[in-house]
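Here the structure comes first, spelled out in structure tokens, and everything after it is commentary.
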Amino acid sequence: MEINNTLTLILGAIAVGAAIWATSTILELLAKLVGKFAIAAISLILVAIYLKVYVGIDVWQSLMDFGQLVIDGVGQLVQGVSYLFSQVSLQID
């Protein structure tokens with residue numbers, strides 16, 4: 001049983017190494033052909049795919065949630081500032 005687990009770990013490590021090497025080679029070729037901006041975009045896409053498939057994090061949903069938090073925070077800040085200005089204008093009158 002331990003031999004099967006060890007063999008699985010070794011084969012998994014080889015597969016991960018081969019995938020990293022292949023990705024690196026493809027990105028290097030694309031860098032020569034297209035440029036560094038395309039490489040950055042492709043790298044971000046690959047990271048998003050990795051996070052979705054292997055880690056289970058939906059990057060798009062996380063960005064949407066973060067955006068909603070920012071919008072809510074800015075809304076509360078605007079309400080607070082407008083409340084302060086209304087209080088100041090009441091005291092002046």
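The values are calculated or read from the model by the stated rules, or taken from the named source; none is laboratory data. What you are looking at is a predicted structure, and each value in this text was computed from that prediction instead of being measured. For neighbour counting, all protein chains shown are included, and Cβ atoms are generated from backbone atoms with ideal geometry for every residue, glycine included. For accessibility, only protein heavy atoms count, side chains too; no ligands or nucleic acids. Shrake-Rupley method; radii C 1.70, N 1.55, O 1.52, S 1.80 Å.
A few points about this structure:
- Whole-percent carbon and sulfur share, accessible surface of the chain, 1.4 Å: 74 percent
- When nucleic acids and ligands are ignored and a 1.4 Å probe is applied, Leu9 ends up with an accessible area of around 130 Å².
- Degrees separating the helix 36-50 axis from the principal Cα axis of the chain, which is the longest one: 80 degrees
- Probing with 1.4 Å while keeping every protein chain in the model, the per residue accessible area of the chain equals 88 Å².
- Calculated Rg and Dmax of the Cα atoms in Å (choose from (i) 12.6, 43; (ii) 25.1, 85; (iii) 14.5, 52), label: (ii)
- Cα→Cβ-extended label distance, 7 Å offset, between Asp58 and Leu9, nm: 3.5 nm
- Additional length obtainable on full extension of the chain from Val70 to Ser24, 0.36 nm per residue less Cα span: 13.0 nm
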